[in-house]
Structure formats: structure tokens, C-alpha cells
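Peer 1: The structure follows.
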Amino acid sequence: MADPTELMLADLSNSYADTKVSNAFLRLYVSDSRFGRAFASLHERLNEHFESINERAETTRHYWAEQSREMLALIKEVTNFLDALKHAGMQVHLAEPYAGAMKSCQSWLVRSGGSAIPDDFEQTAIVRYEPVFSRSGTEINLKKSSQRTQLQLIGEGSYAKVFSFVDPDYGIKFAIKRAKNGMSERDLHRFQQEFDILKRLKFPYVVEVFQYDASRNEYLMEFCESTLRKYIKKRNSSLPFSSRKRIALQFLYGVNYIHSEGLLHRDVSLQNVLVKTFNGGAVLVKLSDFGLAKDANSEFTRTKTEMRGTYRDPILADFKDYGVRNEIYSIGWVLSYIFTGREALMSQDDAQSQIVRKCAAHDVAHRYGSVRELIGDVERLESTPPPMDAPA
């Protein structure tokens, strides 16, 4: 048997599903997926009446008949809405200035002939940029510093710059990726699509993004201390094979995940794999830079897409034909660098070299058919490699 309370809440939420609400108010309640539209609608309509009443109080001191009836109906709607939620065990707080203003309006609003605004009427302070409805126990007020933060340039590519900064409220370092000025409409679309793709991906080995600022064409993302190239280059003479194997597997787990999500990265490289470091030497590999990613569910990829990417498969004639085995080729180059610290394909006869050569085989049919298959071979590698494969 259906829960009566749940049915009531569903009806209450659905009653606002088709209500037209401006984005200026919807954005204030995005954290509440169920009742955000209802709160935004009530907030917007309260503002419209409070603004009109404030204006009439300074001129004719008379509020029109139709608007008076609408305001009384709105007050009743808000009251009934909050009472229904309270009955369901949900405590919703209405900002005190608005609760007080509604109570004051009830004392002088009438249903016919218009309403005389009293001489002692006090104007309502209009709230536009923060919510007036909040669900107790589900929201907190976060202190936001007015201190300006300094951005530090930490990376630059053909289409974007990356900056870092420390959030003054939390003391956490974040990164900002900003599209360069003069970017073509197509490349800007790709930049926005990159954010959209990353926003939907949730995995330990994929860089996390947080919000997009369309006014600056930039997005906020987690900060990673280094690229894979810089990380290994700095430690190459002392990095044990066990650590290299863990890094390789994290990298492969990340690529396998995005493939399972219907994506091909199409620009796997040492620059586009980041490393997040922790005290004690622990590291997390993070895939980034999805500007060339091919989404099987997207219609954006065109037949004349320009061939780009650091490790381009030499047998690939057209980017539209790019597939898993072409990605495997790029993966082989990255694995070779992880194992040796050299930017060249391994050529020995040991197990690691055999894996790399299979990734980059000239005959595509001889390459790994999936990253999952490749992961199996890397997982089976011995913890201590033969001396002949010592890194540079």
C-alpha cells in the first residue's frame, strides 16, 4: 500500500512542475531537487507583490483590488504549503522579514474595492539573491569571505589557461580552467562540452569539476599538483616498479571507466594525465582535458573533425574513424613512459615491453581489443622487473 504522506508530498511537488519561474529564482533553490521549483515560484511572486506594495505606499497608498485578492490568495497558498510540509515532518523556515510582512499585509488587505495601505506601513526589504525558504536540518549558512583571491598561472595550452588559487573560506586549493580570448565558436562549444562531460563523470581517477562560469568561459576544478610527465621525471631514478605499476593501473582504471561511459578521450598524453599527491607519498592519477572526447551519445562530432592529439595513431586516416584500438595506441605510449621514464616505446623482450608493443602494434587487429584486457596483463606483472628494464 502506498504511503499517504509520500503521495501527498508527490502531489504537492507535482503541482508546481509546470509553473513558469524565472532562472533568477530557480538558481537560489537548486540544492532542493524536489521542492526547489515550488519555493522559487512562491519567492518570485512574493517579491512581485512586496515591490508593488512598496511602490504604492510611496504614491497613492492604495493597492488595487485584483492585486489585493491575489496577495491574499498567495499568503494562503504559502501558509498551506508550509503547513503541509510540516505535517509530513519537514520543517521549512520562511525568512522572518517575509513572514512578518505577510502577517502585516493580512491585517489591511481586503478582497473588494482595493486596499488602503496604512500610514504606519513599513516597507519590506526585498530579498533577491538568497533563498527566503530553507529546510531545517538540510541547509546551513556558509560564511563567504569578501577577500579577493589571487590567481596563479600554472599551465597553458592552445585553447585554455589553468590557474590555481586558495579558497579563503576553507583553505583549500582549487584550479580554474579558462578559455582563451578569441576562441572560435566551435572550440568554445568543445570547451563547454568538456565541462559537461567531466561534470557527469564520477570516478576516483577522473578529475572532478564543480561549476561553470559562462561570463568568463571558465570552470572550477580540483587542484592536482603535477602532470604525469613532471611527476615521473622528477622521481624517475628512485621510483620503484611497484609504484609505477600502481600508477599504470590507476591510469588504466580511469580510461576503462570512461570507455564504459561511452566515451573515447582521443587525446591521451602525459600532459593530460594529472597526479594528485598526498602526505606520505600516496598519489592519485586523474584523467583530464576532455576537449577532444568523443561521446557516443553526442551528435557534435563532425566528419571533418581536425586530427589532433599528442600520440596520434599513424594508421588512422580520419578522426571520425577513431575507435578503442586507436586509443590503445596512445595508452601504450603513456604506459611506456610510466615504466621507463623515457618518451619512447619500449623495445626489450620483458613483460612490460610486450604489453607496450601490443598496444602500439602496426596491425590494429593485433592490439588489445579493450582496456579491460590490457588491465589484466598489467595486473599480472611481477612486482620486481628484470634488471635489463631499469628506468633511465
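What follows is calculated from the coordinates using simple rules that are stated; it is not laboratory data. Keep in mind it's a predicted model, so treat the numbers as computed, not measured. Cβ placement follows ideal geometry from the backbone for every residue including glycine, while neighbour counts extend to all protein chains displayed.
Peer 1: Given LYS202/LYS286; LYS173/LYS233; LYS180/LYS230; LYS234/LYS358; LYS245/LYS358; LYS245/LYS276, which pairs have Cα atoms separated by over 19 Å? Intermediate values should be presented prior to the final figure.
Peer 2: Details: LYS202/LYS286 11 Å; LYS173/LYS233 24 Å; LYS180/LYS230 24 Å; LYS234/LYS358 28 Å; LYS245/LYS358 17 Å; LYS245/LYS276 16 Å.
Over 19 Å Cα-Cα: LYS173/LYS233; LYS180/LYS230; LYS234/LYS358.
Peer 1: Got a sec to turn the phi values of the range 49-60 into Karplus ³J(HN,Hα) couplings, 6.51 cos²θ - 1.76 cosθ + 1.60 with θ = phi - 60°, whole Hz, x for Gly and Pro?
Peer 2: Coupling constants for the range 49-60: 6, 4, 5, 5, 5, 4, 5, 5, 5, 8, 10, 8 Hz.
Peer 1: Once amide H atoms are built 1.01 Å from N in the peptide plane, which residues 5 or more positions from ARG135, or in another chain, come under 5 Å H to H?
Peer 2: Amide H neighbours of ARG135, under 5 Å, 5+ apart: HIS93.
Peer 1: With r defined as the distance between the Cβ atoms of TYR170 and LYS86 and R0 fixed at 35 Å, what FRET efficiency is calculated, to the nearest 0.05? Walk me through the intermediate numbers first.
Peer 2: Numbers: r = 34 Å, r/R0 = 0.96.
The computed FRET efficiency comes out at 0.55.
Peer 1: Here's something else I'd like to know. Can you compute the equivalent ellipsoid semi-axes for the chain, i.e. the square root of 5 times each eigenvalue of the Cα gyration tensor, sorted largest first and rounded to whole Å? Walk me through the intermediate numbers first.
Peer 2: Numbers: eigenvalues 678, 91, 85 Å².
Listed largest to smallest, the semi-axes of the chain are 58, 21, 21 Å.
Peer 1: Each label point is 7 Å from the Cα along the Cα-to-Cβ direction; what then is the distance between the points at ASP187 and ASN14, in nm?
Peer 2: For the pair ASP187/ASN14, the computed spacing is 5.0 nm.
Peer 1: Taking amide hydrogens as modeled 1.01 Å from N in the peptide plane, which residues meet the under 5 Å criterion relative to GLY155, leaving out close sequence neighbours?
Peer 2: Here VAL162 satisfy the definition.
Peer 1: Now a separate question. How much length is gained on full extension from GLU77 to HIS62, taking 0.36 nm per residue of separation minus their Cα-Cα distance?
Peer 2: Length gained between GLU77 and HIS62: 3.1 nm.
Peer 1: Still on this structure, I have one more. Need the list of aspartates and glutamates near LYS20 for cross-linking: C-alpha distance under 19 angstrom, and skip anything on the same chain fewer than eight residues off.
Peer 2: ASP11, ASP32, GLU44, GLU48, GLU70, GLU77
Peer 1: Ranked highest first by the average count of other Cβ atoms within 10 Å around their residues, in what order do 263-271, 318-326, 19-27 fall?
Peer 2: Per-residue mean Cβ counts within 10 Å order the peptides as 263-271, 318-326, 19-27.
Peer 1: Under a plain spin-label model, where a point goes 7 Å from the Cα along Cα-to-Cβ, how far apart in nm are SER22 and ASP321?
Peer 2: Those two pseudo-labels are separated by 5.4 nm.
Peer 1: Here is a follow-up. Over the chain, calculate the relative contact order: mean separation of alpha carbon pairs under 8 Å at least 6 apart, over the residue count, as a percent.
Peer 2: So the answer I get is 10 percent.
Peer 1: In terms of modelled amide H atoms, which long-range or inter-chain residues lie less than 5 Å from the amide H of HIS62?
Peer 2: Close amide H contacts, sequence-distant or interchain: ILE117.
Peer 1: Once phi is turned into ³J(HN,Hα) by the Karplus curve 6.51 cos²θ - 1.76 cosθ + 1.60 with θ = phi - 60°, what whole-Hz value does each residue of the range 363-370 show in order, with x for glycine and proline?
Peer 2: 7, 4, 5, 8, 7, 4, x, 7
Peer 1: Return the sequence-ordered ³J(HN,Hα) values of the range 238-250 in whole Hz as given by the Karplus equation 6.51 cos²θ - 1.76 cosθ + 1.60 applied to θ = phi - 60°, using x for Gly and Pro.
Peer 2: 3J(HN,Hα) across the range 238-250, in whole Hz: 10, 7, x, 4, 4, 6, 4, 5, 5, 5, 4, 5, 4.
Peer 1: State the extension gain, in nm to one decimal, for the chain segment bounded by THR277 and ASP363, taking 0.36 nm per residue of separation less the distance between their alpha-carbons.
Peer 2: 27.2 nm
Peer 1: Any chance you could run the full-extension gain for ASP119 through LEU239? It's 0.36 nm times the residue separation minus the Cα-Cα distance, nm to one decimal.
Peer 2: Result for the pair: 35.2 nm of gain on full extension.
Peer 1: Relative to a virtual label point 7 Å from the Cα of SER112 in the Cα→beta-carbon direction, which members of the range 62-81 show backbone nitrogen distances below 14 Å?
Peer 2: 65-66, 69
Peer 1: Report the calculated FRET efficiency for ALA344 and ARG216 (r = Cβ-Cβ distance, R0 = 30 Å), to the nearest 0.05. List each step's numbers first, then the result.
Peer 2: Values: r = 40 Å, r/R0 = 1.33.
Calculated value: 0.15.
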